[in-house]
């Protein structure tokens, strides 16, 4: 059995041609051959113990990445973002409405407002329609809970009305909506 601190060529112990040192893990006492790295550095912990200690580089990297997420990020805006005109709100697992979130932990604000108004989580097939068509106008008076089929009918009718209004305007015909 080698002595602690003994250095040998890798060829002698059937490893690569680098130099190796017989070392002991400072946590569990496991003895093993350790490759001597650049600058003479020899890891003090075995692979099992490396990630368990609070001062190891892996744990430091994890805590650093967590420090910069959510409220710890310099660019944090309170968990409210806008994408394609819709407002998204960040929800955390301790919230009652957490089952409505997407893969990143956000829920559409208009769905959240309707769910709070009803006092329950919305099902995936339930849709919330903006009556005035403005996606970020999420006042309760502007929201209507509808099924998918009903939402398609409403959307088709609104598109048809807008088309006919533009057609009337292009022909110079005045109507009460102008």
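The values are calculated or read from the model by the stated rules, or taken from the named source; none is laboratory data. In this text, all values refer to a predicted model and were calculated from it rather than measured experimentally. Here the Cβ is made from the backbone with ideal geometry for all residues, glycine too, and neighbour counts use every protein chain on show.
At a glance:
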quantity	calculated
The range 129-152, subset under 24 Å from the mean Cα position of the chain (by Cα) and surrounded by 13 or more Cβ atoms within 10 Å (Cβ to Cβ), residue farthest from residue 79 (Cα to Cα)	135
Selection status of residue 105, in the same structural domain as residue 159 (by TED's automatic domain parsing), at positive phi, within 19 Å of the chain's Cα centre (by Cα) and free of Cβ contacts under 8 Å to residues at least 24 places away in the same chain	yes
Filtered residues of the range 3-23 (kept if surrounded by 14 or more Cβ atoms within 10 Å (Cβ to Cβ) and at pLDDT below 85)	10, 15
Of residues in the range 31-81 being out of contact with any strand residue (DSSP E or B) (no Cβ under 7 Å at 6 or more places or on another chain), at pLDDT 75 or above and surrounded by 11 or more Cβ atoms within 10 Å (Cβ to Cβ), the one farthest from residue 1 (Cα to Cα)	76
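The rows are residues; the columns are (1) out of contact with any helix residue (DSSP H, G or I) (no Cβ under 9 Å at 6 or more places or on another chain); (2) modelled with pLDDT of 90 or more; (3) not in a helix (DSSP H, G or I).
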residue: 110; (1), (2), (3): no, yes, no
residue: 113; (1), (2), (3): no, yes, no
residue: 128; (1), (2), (3): no, yes, yes
residue: 132; (1), (2), (3): no, no, yes
residue: 149; (1), (2), (3): yes, no, no
residue: 154; (1), (2), (3): yes, no, no
residue: 159; (1), (2), (3): yes, no, no
residue: 165; (1), (2), (3): yes, no, no
